[in-house]
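Structure, as structure tokens:
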Amino acid sequence: MKKIVTFLLLLIGLNNLFAQTADPFIFSEIDKIKGEVLNIDNRGNIYIISETTLYKYSIEGKLLYSYTNNMLGRIKSIDVTSPFKILVFYEETESIIFLDEQLIPITETIDLVSKQCYSIQAAAFSTNNQIWLYDAINNDLLQLDFYFNEINKIHLNFPNLQPLQLLFISSKNLILQDATSGILFFDAFGTYLKTLPIIAENIMQIDESTISYLKDNNLHLYNYIKMDEEIIPLSIEKAKQTVRYRDKLIVLQENGTVLISK
């Protein structure tokens, strides 16, 4: 009898372990587009960059709007901090344009060179209507108003930065995700605060408390306020990037396929 009880306890333990490590998500594919970068706004709208086109989907995976401007080349990044004033950055043509919630342009194309902004590798938009740029030649952060008048210029003492993204969080922190150094935190004025040495090849999702990123096909949820981490194994092979909204997980695979959890 003792052996039977021991076996049952062992079996229960293994079942519990499996429940903790099994992929908790069931996925379906969003359309047949080939995505390159994912983003999500504070309303749960999903944005997918595919070369020169930006797609906007609902959290249920329904296509809402799309925007294309072949004259400006491939889209490098977008900032959806304000879903009603979306910043679209084109590194190749050194241009920026702002779109509304229906992905209709609300500004003319802004030529950064004409604004004396050169070799810009990353761009962000803050909720107080300011634009932040990273100048790779001078290794400077540029703080501008909406009319591209310079407010501040902060020189960074981090050589050889390779920025993956620049974003502003809750009007408190400017964050630069770097491919080699990790995640650099600055205050609302561009003063350097700290670096978290979390390295990822692709863009992470970063909010007021949590950094979500992929590593070894696991979803890592690092709470940088509490300094603890949850790791969720994913059964999806060759996952490249993820974004989350409440209980939904959206995954971009290396082949461009975009999956959304049910």
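Data for the structure
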item	result
Residue count, the stretch 139-171 (criterion: over 20 Å from Ser77 (Cβ atoms), in contact with a strand residue (DSSP E or B) (Cβ under 7 Å, 6 or more places away or on another chain) and not β-branched (Val, Ile, Thr))	5
Subset of the stretch 204-215 that is aliphatic (A, V, I, L, M) and modelled with pLDDT of 95 or more - its residue that is nearest to Asp41 (Cα to Cα)	Ile206
Selection count, the stretch 229-258, where residues are over 16 Å from the mean Cα position of the chain (by Cα) and hydrophobic (A, V, I, L, M, F, W, C)	4
Evaluation of Phe148 against (1) within 21 Å of Ser209 (Cβ to Cβ); (2) at pLDDT below 95; (3) surrounded by 15 or more Cβ atoms within 10 Å (Cβ to Cβ) (one fails), failing number	(1)
Pick from the stretch 233-262, criterion within 20 Å of Glu208 (Cα to Cα) and not basic (Lys, Arg), ranking: surrounded by the most Cβ atoms within 10 Å (Cβ to Cβ)	Ile250
Hey, Asp187 among the acidic types (Asp, Glu), surrounded by fewer than 14 Cβ atoms within 10 Å (Cβ to Cβ) and either over 24 Å from Asn129 (Cα atoms) or out of contact with any Asp or Glu (no Cβ under 9 Å at 6 or more places or on another chain) (or both) or not	yes
Boolean, Ile236 is in contact (Cβ under 8 Å) with a residue 60 or more places away in the chain, farther than 26 Å from Val80 by Cα and outside any strand (DSSP E or B)	yes
Options Tyr57, Tyr65: the member that is within 25 Å of Lys248 (Cα to Cα) and crowded, with 21+ Cβ neighbours inside 10 Å	Tyr57
Tally, over the stretch 190-214, of residues that are polar (S, T, N, Q), within 25 Å of Asn129 (Cβ to Cβ) and within 15 Å of the chain's Cα centre (by Cα)	2
Where Leu221 falls short, out of the listed (1) within 18 Å of the chain's Cα centre (by Cα); (2) at pLDDT below 95	(2)
Qualifying residue in the stretch 188-198 (condition: in a loop (DSSP other than H, G, I, E, B), of a type outside the set (A, V, I, L, M, F, W, C) and either free of Cβ contacts under 8 Å to residues at least 12 places away in the same chain or in contact with a Cys (Cβ under 7 Å, 6 or more places away or on another chain) (or both))	no
Selection count, the stretch 1-51, where residues are at pLDDT 65 or above and not acidic (Asp, Glu)	23
Pairs where the first residue, in the stretch 202-220, is more than 14 Å from Glu230 (Cβ to Cβ) and the second is part of a loop (DSSP other than H, G, I, E, B) and of a type in the set (Val, Ile, Thr), C-beta under 9 Å, 6+ apart	Met204/Ile198; Glu208/Ile225; Asn217/Ile236
Selection from the stretch 79-89 of residues that are within 17 Å of Glu108 (Cα to Cα), surrounded by fewer than 23 Cβ atoms within 10 Å (Cβ to Cβ) and touching a strand residue (DSSP E or B) at 6+ places or on another chain (Cβ under 7 Å)	Lys85, Leu87
Verdict on Ser170 being surrounded by fewer than 16 Cβ atoms within 10 Å (Cβ to Cβ) and under 18 Å from Phe125 (Cα atoms)	yes
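The values are calculated or read from the model by the stated rules, or taken from the named source; none is laboratory data. Just so we're clear, the structure is a prediction, and the values are computed from it rather than from any experiment. All Cβ positions, glycine included, derive from the backbone under ideal geometry; neighbour counts span all protein chains shown.
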